Amino acid sequence: MNIISDNVKRIAGAQKRLGQNFILDMNITRKIVNFSDLDQESTVLEIGPGPGGLTLAILEKSPLKLIVIEKDERCLEGLELIKQTYSNSVQFDMVHGDALSVIKNILADLCGVIIIANLPYNIASPLLVGFVHQHKHIKKMILMFQQEVAQRIVGKVGTNHYGRLSIIVQAFFKPTIVYKLPPSAFTPPPKIHSAVVSFEPLVSGEDVNIKSLEEVTSLFFSHRRKTVGHIIKKYCQKQSSNIEEFLNPYLNLRPENLSVEVYTHLAQIFKK
Ligand code: SAH
């Protein structure tokens, strides 16, 4: 605990621009890490370690390897101290950079990775979509989001929360909210509540073309008040007649009433 509060002093002031809301209570960070089922064979990736509260809880489990990506230079000295403490037992790689730009290359070289992070909320959704693109390299993810985003991720068909993010994630992972945290769990406290989401990869995701799924959901959800029949008549004329045939039972529904399975099937037809 002391090393973490010393690291917060080294950082000297959380920056909102970097989504810095730190968790200093090791009871909370240990609980988050426990959802990951990591063991001594695991390769773990943490985005935005900050002062290192979650990092320390990960290291206590002695994974084979831990890679952290941190954008804020002010965090590096404190992380280096943590790294030294564990240098005999864990391979610890520190990457100083923007996770949004380096994540693809880093994950490409790894397999069976467990990702654990209290994500910077301002870039949490694009980061998550980036992980989904690399789903083949991921064994499990335990990620903290603001609660409203967590609800969209787990959103069920036909509900207010259901949309592109729900579909793109749920085509590849089974997301579950496992832990809710009030603003007081963070330093400084954010205005919003937060939730930890666990993501289990789905075998069925292997057959889904993500780019095509992004295109289809983008088209349908940019007309979310229109019926499916209207959308395909107006925008899918050039596509194969298979689309009309497949969507025939759903013509009077709106995009939020089509299930993830319907969208993944549509993505397959669009790809052809
Ligand atoms: N994991 C720590 C800090 C969470 S706050 C804890 O739970 O206490 C979010 C962290 O993400 C901060 O350390 C911030 O500097 C870092 N961060 C913000 N944008 C980033 C980016 N684009 N790439 C990598 N790290 C980033």
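The values are calculated or read from the model by the stated rules, or taken from the named source; none is laboratory data. Model, not experiment: these values are computed from the prediction. For neighbour counting, all protein chains shown are included, and Cβ atoms are generated from backbone atoms with ideal geometry for every residue, glycine included. Keep in mind that these areas ignore ligands, DNA and RNA; they rest on the heavy atoms of the full protein, side chains included. Shrake-Rupley method; radii C 1.70, N 1.55, O 1.52, S 1.80 Å.
Looking across L76, L45, L54, L100, one residue alone is within 26 Å of E200 (Cβ to Cβ), of a type outside the set (D, E) and more than 10 Å from the ligand (Cβ to nearest atom). It is L45. All conditions in (1) in a helix (DSSP H, G or I); (2) open to solvent by 40 Å² or more (accessible area, probe 1.4 Å); (3) under 18 Å from V129 (Cα atoms); (4) of a type outside the set (D, E) hold for T176, with the sole exception of (1).
For region 239-247, state whether one or more residues are assigned to a helix (DSSP H, G or I) and polar (S, T, N, Q). I'd like the intermediate steps shown before the answer.
Within region 239-247, the first condition is being assigned to a helix (DSSP H, G or I), and the residues that meet it are 241-247.
Add one more test, that the residue is polar (S, T, N, Q), and what stays is 241-242.
Within region 239-247, one or more residues are assigned to a helix (DSSP H, G or I) and polar (S, T, N, Q).
Summed over region 82-97, residues that are open to solvent by less than 70 Å² (accessible area, probe 1.4 Å) and within 16 Å of the ligand (Cβ to nearest atom) total 7.
One residue stands out in region 218-235 among those that are over 27 Å from the mean Cα position of the chain (by Cα) and in contact (Cβ under 8 Å) with a residue 12 or more places away in the chain: the one that is most open to solvent (accessible area, probe 1.4 Å), namely R225. Residues of region 184-197 that are in a helix (DSSP H, G or I) and open to solvent by 30 Å² or more (accessible area, probe 1.4 Å): S184 alone.
Out of L247, L251, L258, I need the residue that is loosely packed, with under 15 Cβ neighbours inside 10 Å and not charged (D, E, K, R). Which one? If you could, list the steps in order and put the result at the bottom.
On the way: L247 fails: loosely packed, with under 15 Cβ neighbours inside 10 Å; L258 fails: loosely packed, with under 15 Cβ neighbours inside 10 Å.
L251 is the lone residue from the list that is loosely packed, with under 15 Cβ neighbours inside 10 Å and not charged (D, E, K, R).
Do you know which of the residues in region 155-171 that are out of contact with any helix residue (DSSP H, G or I) (no Cβ under 7 Å at 6 or more places or on another chain) and under 23 Å from S204 (Cβ atoms) is least open to solvent (accessible area, probe 1.4 Å)? Explain how you work it out, then say what you get.
First pass over region 155-171, keeping only residues out of contact with any helix residue (DSSP H, G or I) (no Cβ under 7 Å at 6 or more places or on another chain): 156, 159-160.
Restricting the remaining residues to those that are under 23 Å from S204 (Cβ atoms) gives 156, 159.
On the way: K156: 130, T159: 58 Å².
By that ranking, first place goes to T159.
Criterion applied to L128, L143 was being part of a helix (DSSP H, G or I) and within 16 Å of the ligand (Cβ to nearest atom), and the one residue passing it is L128. Counted as qualifying within region 7-121 are the strands (runs of 3 or more DSSP E) with 3 or more residues that are in contact (Cβ under 8 Å) with a residue 12 or more places away in the chain, under 26 Å from V132 (Cα atoms) and over 15 Å from the mean Cα position of the chain (by Cα), namely 65-70, 91-96.
Starting from residues that are of a type outside the set (G, A, S) and farther than 19 Å from P190 by Cβ, keep the ones in region 5-22 and report whichever is nearest to the ligand (Cβ to nearest atom).
Of the residues in region 5-22, the ones of a type outside the set (G, A, S) are 6-11, 15-18, 20-22.
Restricting the remaining residues to those that are farther than 19 Å from P190 by Cβ gives 6-7, 9-10.
Numbers: D6: 14, N7: 9, K9: 14, R10: 12 Å.
The residue in question is N7.
When we screen D72, D109, D37, D25 for residues that are within 25 Å of A185 (Cα to Cα) and open to solvent by 70 Å² or more (accessible area, probe 1.4 Å), the only hit is D37. For region 236-270, which residues satisfy the criterion of being within 22 Å of K156 (Cβ to Cβ), of a type outside the set (V, I, T) and touching a residue at least 40 places away in the same chain (Cβ under 8 Å)? Matches in region 236-270: E256, N257, L258, S259, Y263, L266, A267.
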